[in-house]
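S.K.: My structure is below; once you've seen it, I'll send some questions.
The values are calculated or read from the model by the stated rules, or taken from the named source; none is laboratory data. Note that the structure is predicted; figures quoted are calculated from it, not measured. We place every Cβ from the backbone using ideal geometry, glycine too, and count neighbours over all the protein chains shown. In case anyone asks, the SASA skips ligands and DNA or RNA and just uses the protein heavy atoms, side chains included. Shrake-Rupley method; radii C 1.70, N 1.55, O 1.52, S 1.80 Å.
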Amino acid sequence: MKIETGPLSPSPLPDFLYGTAWKEDRTPALTELALGMGFRGIDTANQRRHYFEAGVGQGLAAAYRSGVVTRDNVFLQTKFTYRPGQDHRLPYDPAASLSDQVAQSMASSLEHLGTDYVDSYVLHGPASGYGWTAADSEVWGAMIKERDAGRTRLLGVSKVSLSHLEQMADTYSEAPAFVQNRCYARLGWDREVRRFCRGRKITYQGFSLLTANPEVLRHPLVTGLAVRANATPAQVVFSFAHAVGMLPLTGTSDADHMRQDLAAIGLALPAGAVEAIESLAG
Ligand SMILES: NC(=O)c1ccc[n+]([C@@H]2O[C@H](COP(=O)([O-])OP(=O)(O)OC[C@H]3O[C@@H](n4cnc5c(N)ncnc54)[C@H](OP(=O)(O)O)[C@@H]3O)[C@@H](O)[C@H]2O)c1
């Protein structure tokens, strides 16, 4: 079922994104459950190796049918993934130009998600870890065309370093709307990239906030704050992430954790706690 709502209907930016990676056959049910629990942002990718994007579409369709959400009040984000990040289940012709691969991947994402536009389209990672390349420029140009044609409202980049972002800033007049990075506490929670984003009104999306930081979840500062707030250490981390201006992702498969993760956004940490957590490990 295709929901025709017009390409520019703005879905508000949610406080949390529900991540759909690694869920395979459980993707439709978990997507529907997450929407039912109150998530209003969904992150996926047209990368069958790690995501079942068509399953996300099935979950969305079920949630539309039961009236839990409409296309207008759910924020949908998907990604373009280069050939090396894919397995044999490609959403494009690998012999096509990179520009054509972006157009084909986007068309396939819209089909999977049963919509005629997404809210955010993200480059899943630059071609090289060492800098912005000509390939990235071609892909980014094609992504801008998708945006200008109304098939995505906003654009983002993922797995980027400060130098990738600086090179982008030197090359393009317009900054991406989003940066999505794995967020390590030992790197000051990606301090340099977050500072760059803050200065340019780029929303920083943090993933692996729990799995990349097991030492933080065990740290007495965090366990102590959790006891004081009658919350869990995971909730303290998500509350901290929100307080420093991140848009966090969670990919939990557990209904109680979904509830806890969403509730963490409303958790008020005591004075000084945010600064203390920010400098905990790096
Ligand atoms: N751009 C990229 O390249 C990239 C890479 C990786 C991920 N992502 C995105 O980010 C999303 C999230 O991925 P992630 O790496 O952050 O890992 P994740 O899949 O969210 O895993 C989080 C882990 O934390 C647990 N958890 C969640 N909430 C909890 C809570 N309240 N209490 C205790 N445990 C809790 C989960 O277990 P339970 O299931 O038992 O709750 C799970 O084991 C992905 O689904 C994907 O959309 C993007």
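S.K.: Exactly one of these conditions fails for L162: (1) closer than 24 Å to T252 by Cα; (2) surrounded by fewer than 16 Cβ atoms within 10 Å (Cβ to Cβ). Give me its number.
M.R.: The one condition L162 does not meet is (1).
S.K.: Right, next: Taking the criterion of being crowded, with 16+ Cβ neighbours inside 10 Å, away from the ligand (no atom under 16 Å from the Cβ) and over 24 Å from I144 (Cα atoms), would at least one residue in segment 207-221 satisfy it?
M.R.: Within segment 207-221, not a single residue is crowded, with 16+ Cβ neighbours inside 10 Å, away from the ligand (no atom under 16 Å from the Cβ) and over 24 Å from I144 (Cα atoms).
S.K.: Can you tell me which residue among K201, K145 is of a type in the set (K, R) and part of a loop (DSSP other than H, G, I, E, B)?
M.R.: Answer to the selection: K201.
S.K.: Any residue in segment 81-97 that is over 22 Å from L155 (Cα atoms) sitting within a Cβ distance under 9 Å of a residue that is at pLDDT below 95 and not in a loop (DSSP other than H, G, I, E, B)? List the pairs, counting only those 6 or more apart or interchain.
M.R.: If the second residue must be at pLDDT below 95 and not in a loop (DSSP other than H, G, I, E, B), no pairs are left.
S.K.: While we're looking at this one, here's another question. For the subset of segment 165-200 comprising residues that are acidic (D, E) and out of contact with any helix residue (DSSP H, G or I) (no Cβ under 6 Å at 6 or more places or on another chain), which member is most open to solvent (accessible area, probe 1.4 Å)?
M.R.: D170
S.K.: Could you grab me the full set of residues in segment 221-236 that are touching a residue at least 40 places away in the same chain (Cβ under 8 Å) and under 22 Å from P14 (Cβ atoms)?
M.R.: Hit for segment 221-236 is V236, nothing else.
S.K.: Got a number for residues in segment 46-95 being touching a helix residue (DSSP H, G or I) at 6+ places or on another chain (Cβ under 6 Å) and in a helix (DSSP H, G or I)?
M.R.: Total satisfying the criteria: 9.
S.K.: Taking the residues in segment 212-240 that are in contact with a Lys or Arg (Cβ under 9 Å, 6 or more places away or on another chain) and outside any helix (DSSP H, G or I) as candidates, determine which candidate is nearest to D43 (Cα to Cα).
M.R.: By that ranking, first place goes to A212.
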